[in-house]
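Okay, structure first, notes after.
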Amino acid sequence: MKQQTSFMLVLALLPALALAQGVTSLNGTVTDPSGAVIPNASITVQNEQTGAQREVKSDDAGRYAIPQLLPGVYQITAKAQGFADVTIPNVRLLVNVPTTVNIAFTKVGQVSEAVSVTAEAMQVNTTDATIGNAFGARPILQLPLEARNVVGLLALQPGVSFIGETQTNSRNGAVNGGKSDQANVTLDGVDVNDQQDRSAFTSVLRVTLDSVQEFRVTTTNANADTGRSSGAQIALITKSGTNDIHASLYEFHRNTVTTANSFFNNAASPAVARPKLIRNVFGASVGGPAKKNRLFYFFNYEGRRDAKESSVERVVPNADFRQGIMKYQRTDGSTATLTPADIRARDPLGIGVNPNVLRVLQSYPLPNTTSSGDGYNTAGFRFIAPRPLRWNTYITRWDFNPTDSGRHAFFFRGNLQNDRDISVPQFPGEPPNSVNLNNSKGLALGYNAVIRPTWTAAFRYGFTRQGVEASGTQTQSYVNFLSIDDRYGFTTTSRRLVPVHNFSGDFTYIRGAHTVQYGGSIRRVTNSRSSYANSFHSAQVRASRLRGSGAALDPADLNSRARDAFRTQVINLLGIISTGTANYNYDLAGNVQPVGSPVVRNFKLEENEMYVQDTWRVNRSLTVTAGLRYALNPPIYERDGVLVTLSPALGDWFDQRGGLALQGKPASQVTPVKYLRTIDAGALPLYPYHKKNFAPRLAVAYAPQSDGGWKRKLFGGPGATSIRAGWGMYYDAVGNSLILRADTGGYGLSTSIPTAGSLFDERTGPRYTGMFDLPASIVPPPPKFTFPALAPESFSYGGRVTNIDAKIRPPYTMNMNFSIGREFRSGLFVQVSYVGRLSRRSLAQTDPATPTNAVDPASGMSYFEAATMLARLANARTPVANVQRIPFWENLWTGTATLTPTQAAYQAFLRRAPDWSTALEDLDRFCDPACSKAGRNFFFDKQFASITTWRSIAGGSYHAMQWTIRQRFTKGVEGTFNYTYGRSIDLSSRAENDGTGPTFGFITNPWMPWLHKAVSDYDMTHQWNANWVVELPFGKGRRWMGRGGWLDAVFGGWQISGLYRQTTGMPISVGNGRFWPTNYQWQGYATPIGPVPGVKTTKNAPSIAGTGGPNVFADPAKALAAFDFTMPGGIGSRNTIRGDGYFTIDTGVSKRFRMPYSEKHSLQVRWESFNLTNSVRFDVSSLSLNIGNQGTFGRYSDVLTQPRVMQFGMRYEF
């Protein structure tokens, strides 16, 4: 059936295999001197660089339209009987930007008349409601860009969150409140997205500045002919050759001498030396005619060589701790010290500090900074390490025009890269943690055909093959410690080959006032992966996995908020191994692969899309564009059937658990979850076949004609003002990253078996003997290979399972916008817009196995209510005997000979406070001190302690005012300023490709997901960005000193360029410590209990423990006192704090020398500075905001902005 569907879709697209992306269009109205329309006028457009031309006739209403034009600079010639010819040169048509040029005949006669307009005329979009800036070749080549990376330009749009090119989490690259993995990137109309990781604004194929002719980013309300995903649509165009030979030779260099040291390197004691930075980016390009007006070529080679160092910080034991001496905070705030003898006295076995642990701790280097660590027993060690890099990029494009009429056009584009870069070591003198290789390559083929002047078709085929490898260092299983970085780099090796075949098409028919388009796209993606991530066993020294969490070792004077930090480090010193994970991988025959063998998978994905769209020019002022895009997307599958899904679907299973809870029935009655291979009968696919993805789009553009009077003063004349409104529905691109989550949770084929939680306590836990010595009691044996399979018992005692809901529904957004734009004299364009976005069924991670919020049928009281009552009593340290009866516990629980049911439950809560879910585990799993009347597992699931699951249950909204002020290149000046004032709200901000812990939006209480509603992680109230290129008015052809000669040689050819970015602060949440109020695996956030002090980033604020340093609070102790541990059922307060925003100014100063032997040859010398002011803005993601780690509360450990770097370049071109 799958093959039949694909075949039928291919047949449907055969009339029109090409895509509108990568091309542009031209339209307008032809009038006589009185303003009356002229029908049957001949309109010819000719590419000034290649000679290719197209001819059309105006219709009865004087309208003309020319679709499917390649971007470039054109000359328009209009002819009509009885009028002098009109010639309009230098009309620049930008990719995916519909351009309107109205033609007015001004003279009666037979003599041709040339009418000049500027090269980038018609900035006003009078056709649709798309919003986004286009960039031509001048700013692409002249703006200062870090490492000459075009990504830096793609983010120069309103509504785009940009916090630096080195940031890869979900905060970076979010567009208009959408998630950062929803951008869609095409190169010459062909898909070049990173199919698995989908990082924002990232092309799998490197796009060099010298190879880009232009690009456009559509940030909202893309038309039906584009808009594969719900995010920004980025269309890049590769340069082509022209009838003149053009070439360039360039070198850009940066070095250590002109590079500033980082803030934290300078703050270390002793200060860490400035990392070495020697970078050379060099290359050459050439383009020209192989045959004039027929065949054109373009070549570009670019290399990059880095001999650089990076600053690295690791958490290491301090001088006392490595001797077995530890510190903690007393209840009165003072610091206490425990000697090895004190620790031996507290050890129930009388062993004390583990000598094997000390040997490891003493092998670490001593700390030299307090920017990380807990402030008592650990600190930071900062060092510089080499990170050499070698990149090579090869790009070519060939264009062929077989006829003068331009009825047929072909092109070929090829890309190849060969990269090698080396990561930092774990500690100085050790091998690098990984060596990264990339040999991605791709090609594109295109064909455009003009069947008739009103009927065009096109074809695109793209093959893009991503090839990456990261070699790791791990060769065997190991034991690690919590809150201290691993002594060695246990990174794993992975390889990935992802070939993508992309067939796409477009068919355009013009009839009267209607331009009708129909087309589609087919993608076939294979992800061939080899990974060692689940190839070894592991074990951990971890207090929280012990029965009692190490509470028996607490000193009497231990500050309650310091319990987490104390227990972590005392268990580290004792070396009690509490948990581990055994990883076993099977082939389809049931054979267990040897430990250390790679896991090989071959995933397949099909995406099929089609659209229809009508652009209706109702009259000279009003244009309506309506369209419908439809996607038909089968689920991802594994080629050989090596994939496991769960039955029932986790969403259905969660609903069943919730239904039992509402009836007051035990969770143990839920239907057991089974693991099935996708090739087994009755198995569900990874997610449903999405067949109903219909996405309508509507746009209205009104351009007042305003020929005279007050209307002309207000609107600026015909075509100078456009009032636009748009609405569209857009589906998220899902699946490629989800496959990693499903594969790692594929019990039975790729099986991770945890040690049963709370299996050991301080007496029974095995002690550490060596880094590579895993106790047999920690590593369970491989389970029997059988399907259907049930999870082992250990999963219900602390096993963290990852999977996706097999009933995921396709997420979608509804985008809307309203804008008013006007072009003023001298090419100044101003636009103000409202941009809105409503997200529905967004993907978010949650836990369907979260203990239920059971309701007592007799009293109507829920668990969250009853548990909160006990938690408040426990926080007040109320004696057990004074606890009164609570109906919930009296009706559903049992007591003991001396305790009422309520008192029995309270005893567990008092013992575990504020770790409420662990208290519930004592009651529900261990019947300590009493069980429910229905037995064990009244709240907990009997199979799983936790299942981290992607589900389509979230949503959000975004509303913003956006301003764009753009100066077209006039008199040597070009620039754009963007401002956004907006608010983004959601339940979860994590993108599908972001698997880095709960910081970015894990929904800890799935029973009440609305509790997570808050500003998005990437919310920035204010955003500003600008770019400019200014040619100084001196020298030949300029306003001053224009005679040439030595004055021109000295004063002519100077240029200033720059980029400016600034945002207000980004939000972050205060963590709840290593205590779990609601969910068994995820802590959630702390709860404010009083006014939270205002944020004031202070570079040397006092610390609660240890020396001072950069802090988000001026008084961290006061801020800490404003938060407390969260109650049962709560999630705390999400995104309560706002830290630093982003700020940087990049500048370029250049001088162009014209060669004496030819005016067409020039040498440009450039000096560029990145972060010119060397401003420091700290990264909120690095904040220590865990109320269980008091010593460094509020402390920053990393920066958003990189230290100032200068770059020097030379560019010879003709």
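Residues 391, 1082, 916, arranged from fewest to most other Cβ atoms within 10 angstrom of their Cβ, appear as 391, 1082, 916. For the listed peptides 278-285, 626-633, 937-944, a ranking on the average number of other beta carbons within 10 Å per residue, highest first, reads 937-944, 626-633, 278-285. The aspartates and glutamates whose alpha-carbon is closer than 13 Å to the alpha-carbon of residue 807, local same-chain residues fewer than 8 away aside, are 652, 655.
Classification of the stretch 728-798 by its C-alpha gyration tensor yields a prolate form. The axis ratio a/c (a ≥ b ≥ c) is 1.5 or more, and a/b outweighs b/c. Comparing Cα centroids, the stretch 478-494 and the stretch 644-708 end up 37 angstrom apart. In straight-distance terms, cross-link reach from residue 327 covers every one of the lysines whose alpha-carbon lies under 16 Å from its own, apart from those fewer than eight places away in the same chain; here that gives an empty set. Of interest is the spacing of the C-alpha centroids, which for the stretch 719-755 and the stretch 1153-1174 amounts to 44 Å. The simple spin-label model puts a point 7 Å past each Cα toward its Cβ; for residue 692 and residue 711 those points are separated by 4.7 nm. Stretching the chain fully between residue 926 and residue 786 yields a gain of 47.4 nm (0.36 nm per residue, less the alpha carbon separation). Label reach from residue 273 (point 7 Å along Cα→C-beta): in the stretch 293-315, amide nitrogens under 17 Å belong to 307-312. Counting neighbouring beta carbons within 10 Å and listing from fewest to most, the residues 1166, 911 come out as 911, 1166. I want to make sure I understand the PRE zone here: with the label point 7 angstrom from the Cα of residue 769 toward its beta carbon, which residues in the stretch 470-496 have backbone N atoms less than 19 Å away? So the set is 476-481.
Compared with the dominant principal axis of the Cα atoms in the chain, helix 563-574 is inclined by about 70°.
A simple charge model with +1 on the Cβ of Lys and Arg, -1 on the Cβ of Asp and Glu and nothing else charged puts the dipole of the stretch 319-359 at about 120 debye relative to its Cα centre. Toward the positive end of the charge dipole of the chain, with +1 on the Cβ of Lys and Arg and -1 on the Cβ of Asp and Glu, the farthest Cα among 34, 348, 260 is that of 34.
Peptides 704-712, 209-217, 513-521 ranked from most to least packed by the mean count of surrounding Cβ atoms within 10 Å: 209-217, 513-521, 704-712. Computed over the stretch 350-407, relative contact order equals 19 percent, with contacts defined as Cα pairs under 8 Å that lie 6+ residues apart. Here the average projected area of the convex hull drawn through the C-alpha atoms of the chain stands at 48.3 nm².
Within the straight-line cut-off of under 19 Å between alpha carbons, the lysines reachable from residue 784 are 674, sequence neighbours fewer than 8 places apart in one chain being disregarded. Rounded, prolate or oblate: which fits the stretch 667-825 when a ≥ b ≥ c are the square roots of the eigenvalues of the alpha-carbon gyration tensor, with rounded for a/c under 1.5 and prolate only if a/b beats b/c? Prolate, since a/c reaches 1.5 and a/b exceeds b/c. Length gained on full extension, residue 1214 to residue 445: 274.0 nm, using 0.36 nm per residue less the C-alpha separation. With a simple spin-label model that places each label point 7 Å from the Cα along the Cα-to-Cβ direction, the separation between residue 616 and residue 36 comes to 2.8 nm. Estimated at 0.36 nm per residue, the fully extended path between residue 1173 and residue 1050 surpasses their Cα-Cα distance by 41.5 nm.
When the Debye formula is applied to the Cα atoms of the stretch 241-337, each taken as the same point scatterer, what base-10 log of I(q)/I(0) results at q = 0.21, 0.23 Å⁻¹? With no solvent term, the Cα-only Debye profile gives -1.05, -1.12.
Summarising the strand pairing of the stretch 548-649, around 100 percent of its internal DSSP beta bridges are antiparallel. Return, ordered by residue number, the residues of the stretch 1043-1079 whose backbone nitrogen is under 19 Å from a label point located 7 Å along Cα→Cβ of residue 1153. Counting backbone N atoms under 19 Å from the label point, the list is 1044-1056. Averaging the Cα positions of each part gives two centres, and for the stretch 239-260 and the stretch 133-158 these lie 14 Å apart.
Residue pairs exceeding 21 angstrom between C-alpha atoms, taken from 1013/1099; 1013/1118; 179/441; 1036/1151: 1013/1099; 1013/1118; 179/441.
Calculated mean residue ellipticity at 222 nm for the chain: -3000 deg cm²/dmol, from DSSP H runs with n ≥ 4 weighted as -39500 (n - 2.57), summed, divided by the residue count and rounded to 500.
Cβ crowding within 10 Å ranks 163, 88 as 88, 163, fewest other Cβ atoms first.
Principal-axis analysis of the Cα atoms of the chain puts helix 650-662 at an angle of about 50° to the longest axis. Looking at 612, 1088, 672, which one has the Cα that reaches farthest to the positive end of the dipole of the chain (charges on Cβ: Lys, Arg +1; Asp, Glu -1)? Towards the positive end, the residue furthest out is 612.
Between residue 403 and residue 260, what's the calculated FRET efficiency when r is the beta-carbon distance and R0 is 56 Å? Round to 0.05. Calculated transfer efficiency: 0.45.
We did not get these values from a lab; they are worked out from the coordinates using the rules stated. For clarity, every value in this text was computed on a predicted model and none was experimentally measured. For neighbour counting, all protein chains shown are included, and Cβ atoms are generated from backbone atoms with ideal geometry for every residue, glycine included.
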